[in-house]
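Read the structure below first, then the notes.
The values are calculated or read from the model by the stated rules, or taken from the named source; none is laboratory data. Not measured: the values here are computed from a predicted model. Cβ sites come from the backbone with ideal geometry, for glycine too, and all protein chains shown count toward neighbours. The protein model used for the area step is the full one, side chains on, heavy atoms only, and it has no ligands, DNA or RNA in it. Shrake-Rupley method; radii C 1.70, N 1.55, O 1.52, S 1.80 Å.
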Amino acid sequence: MGREWSIEESVTVAAGPAAAYRAVSEVRRTGEWSPECRAVWARRGSLRAGERFVGFNRRGLFVWFTTCRVTVADPDREFAFRVDSFGIPIAEWGYRFAADGNGGTTVTEYWRDLRTGRSAPFAELLGKVFTGVSPERRPAANRAGMRATLDRLRNALAG
């Protein structure tokens, strides 16, 4: 089996697409959902395409930060951002929102590995040094993290 370059996970939440989108696009709340992200610095709450933020992450003993730029901010439909480390493309993360016909929303979180091209070996080394996860194991680690994130989001939107 070859390396996975993109993955996605979905969950149905008991809230409409607008409420789900608001929760996810308020990037300063990411630490509430994500098992790796501990905090986000952003100049304001809900961000628009092109705006930047910084994520502060931790996995076990490993601690790192990432710079991020919102690439898609389509209210109630999709929110995505590109992650860089030291100016090198690392990944794209995003969320799609679809009404389920029963008052809820199917939220799909996706991840795409951007560590390609000439900078790939250095980006992969940075990932292993800062996160403790090799490129081959990153999709499995992210899939587990996505499941935890989506479960936490579902629980937050249930109340």
Which condition number does Val63 fail, the rest of (1) open to solvent by 50 Å² or more (accessible area, probe 1.4 Å); (2) more than 14 Å from Phe97 (Cβ to Cβ); (3) assigned to a helix (DSSP H, G or I) being met? (3)
Can Ala49 be described as at pLDDT 95 or above, under 23 Å from Asp151 (Cα atoms) and either hydrophobic (A, V, I, L, M, F, W, C) or part of a strand (DSSP E or B) (or both)? no
Filter result (at pLDDT 95 or above and either of a type outside the set (A, V, I, L, M, F, W, C) or more than 17 Å from Ala23 (Cβ to Cβ) (or both)) within segment 142-159: Asn142, Arg143, Ala144, Gly145, Arg147, Thr149, Asp151, Arg152, Arg154, Asn155
Give me the pairs, please: first residue somewhere in segment 14-31 and within 15 Å of Arg154 (Cβ to Cβ), second residue anywhere and at pLDDT below 95, beta-carbon distance under 6 Å, and either six or more positions apart or on two chains. Ala14/Ala158
Quick check: anything in segment 1-13 surrounded by fewer than 14 Cβ atoms within 10 Å (Cβ to Cβ), among the basic types (Lys, Arg) and either within 14 Å of the chain's Cα centre (by Cα) or under 21 Å from Arg147 (Cα atoms) (or both)? yes
Would you mind finding the one in Glu124, Glu92, Glu51 that is in contact with a strand residue (DSSP E or B) (Cβ under 8 Å, 6 or more places away or on another chain) and within 20 Å of Trp5 (Cα to Cα)? Glu92
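Every residue, every condition in (1) in a helix (DSSP H, G or I); (2) open to solvent by 10 Å² or more (accessible area, probe 1.4 Å), yes or no:
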residue: Pro89; (1), (2): no, yes
residue: Gly94; (1), (2): no, no
residue: Tyr110; (1), (2): no, yes
residue: Glu124; (1), (2): yes, yes
residue: Glu136; (1), (2): no, yes
residue: Asp151; (1), (2): yes, yes
residue: Asn155; (1), (2): yes, yes
Regarding segment 80-95, can at least one residue be identified that is farther than 24 Å from Gly127 by Cβ and either among the hydroxyl-bearing types (Ser, Thr, Tyr) or in contact with a Pro (Cβ under 9 Å, 6 or more places away or on another chain) (or both)? no
Odd one out for Asp76, checked against (1) open to solvent by 50 Å² or more (accessible area, probe 1.4 Å); (2) touching a Phe, Trp or Tyr at 6+ places or on another chain (Cβ under 9 Å); (3) on the phi < 0 side of the Ramachandran plot: (3)
Pull up segment 96-108, narrow it to residues that are open to solvent by less than 30 Å² (accessible area, probe 1.4 Å) and of a type outside the set (Ser, Thr, Tyr), then point me to the one that is farthest from Leu47 (Cα to Cα). Gly104
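What are the residues in segment 109-159 that are of a type outside the set (Gly, Ala, Ser) and within 12 Å of the chain's Cα centre (by Cα), if any?
Result: Glu109, Tyr110, Trp111, Arg112, Asp113, Asn142, Arg143, Met146, Arg147, Thr149, Leu150.
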Going through segment 25-54 one residue at a time, which ones are buried (at least 16 other Cβ atoms within 10 Å of the Cβ) and touching a helix residue (DSSP H, G or I) at 6+ places or on another chain (Cβ under 7 Å)? Arg29, Trp33, Ser34, Pro35, Glu36, Cys37, Val40, Ala42, Ser46, Leu47, Phe53
